[in-house]
1. Return one whole number: the accessible area per residue of the stretch 247-364 in Å², for a 1.4 Å probe.
2. Taking the chain, how many lysine pairs are there with alpha carbons less than 19 Å apart, if each pair must be eight or more places apart or span two chains?
3. With a 1.4 Å probe and every protein chain left in place, tell me how much accessible area Ser299 has, in Å² to the nearest 10.
4. Any idea which of Val54, Val253, Leu314 is furthest toward the positive side of the dipole for the chain, if Lys and Arg beta-carbons carry +1 and Asp and Glu beta-carbons -1?
5. So, in nm, how far is label Arg65 from label His148 when the simple model puts each one 7 Å beyond its Cα toward the Cβ?
6. Place the peptides 53-62, 259-268 in order of packing, highest mean first, counting for every residue the other Cβ atoms within 10 Å and averaging per peptide.
7. What's the center-to-center distance, using Cα atoms, between the stretch 245-283 and the stretch 1-65 in Å?
8. Place +1 on the Cβ of every Lys and Arg and -1 on the Cβ of every Asp and Glu in the chain, take the dipole about the Cα centre, and give the residue among Gly64, His202, Ser98 whose Cα lies farthest towards its positive end.
Amino acid sequence: MKGRLPGLYPLRLTALAKPLVFGGQAIARHLGKTGLPQWSIAETWECSDVSGAVATVQEGPLAGRSLRQVVADRPEELMGPGWSGTRFPVLTKFIDASGALPVHLHADDEAARRLEGQPNGKTEAWHILDAAPGATALCGVREGVTAHELRTALEAQESDRVLRRLPVRAGRTVHVPGGTPHSFGPATLVHEIEQTSDIQQHAMRWNMEDGSPVGDEESAANLDMLMRQVDLASRPEFTPGLRIAAGDGVERVFLTASRHFALERWTAGTAEPLRHAFATAQILTNVGAPVRVRSGAWSGEPGRAETVLLPAVLGEIEVTGPADVLLGYLPGLDRDVRALLLAAGYALPVIRSLTAGAPSTRDGGGERDQAAG
């Protein structure tokens, strides 16, 4: 049966819109994404294989199939030789923090398996697309703060007393390991890439869906679980990424990279198209004007804030400029990141700084490749 399936091609996926209370209209008005409901939108899940929110192929011979079905039917064609799994491993979103997100954290891999009964945690990275002057984010526990002090402050809703508040600027990226308490907003627009998961623990006294209050008993239980999952030592920093020239007027910026995912931002003018060869599936997200994308016999034009999943079997793409696109993927770190940055003249300590301590201490410390290469 599998042999009769059509070959893989660039996949346009459905995007799930989430109307959470901190949202607004920036994804439509600033990024230009169309087809959204008229009400305030906090998040659009651009490439998702999270249970209950699995994306569906929109067009072509595979139209109507879920991303999970594609993973099951064509794992190596989608992800690359030697890969196996039951879910697409990377989740991407746009997040409109017109209001401030609640302070929360996501379990790392070890805590997810031990406490949540889940196969993996949710390490993530935020790439800032737009932020108001003076915008900030909470990210990590202040040095020297004890678990008791953290719990007491969160109970009193006094997060600034114990969490680090960092300046936020467009173009910067921060890698947020599982176990790191965090929040951002207001007036902040983010592209987020993360492990495929929706586990989270909140320190808030209200529900994100409608702002209704959370009772004392539920709040205490939430804090109990948060404190069992928190990593007091995780203190990530925003970085500008590492740039390399990729052609005449073509620039490639490595924004973040770890064993869980990598994210790049490519820009191109009109002197030369953006050309990119790859060995693992690429999530192409357009953050500029509509662009023309070609891969083999396929040609398409992703509009503003549209996402296309490029299966590994395609091997290469060409994007006609002017272009401003993000590429997210599950990397073979040596093949896809380190070798290219070393060849561009970056030293290993600088390359390591790209993730600024990306793996949680409870995930075993060092980075491990998940893709071949």
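1. Details: 4150 Å² over 118 residues.
Heavy-atom accessible area per residue stands at 35 Å².
2. On the way: Lys18/Lys33; Lys18/Lys93; Lys18/Lys122; Lys33/Lys93; Lys93/Lys122.
So the count works out to 5.
3. 60 Å²
4. Farthest towards the positive pole: Leu314.
5. About 5.8 nm, to one decimal.
6. Values: 53-62: 16.9, 259-268: 24.2.
Top of the packing list down: 259-268, 53-62.
7. If we compute the Cα centre of each part, the gap is 22 Å.
8. Final value for the positive-end residue is Gly64.
The values are calculated or read from the model by the stated rules, or taken from the named source; none is laboratory data. In this text the structure is predicted, and so the values were computed from the model without any measurement. When we count neighbours, we look across all protein chains shown, and the Cβ atoms used for this are built from the backbone with ideal geometry, even at glycine. Side chains included, ligands, DNA and RNA excluded: accessible areas come from the protein's heavy atoms. Shrake-Rupley method; radii C 1.70, N 1.55, O 1.52, S 1.80 Å.
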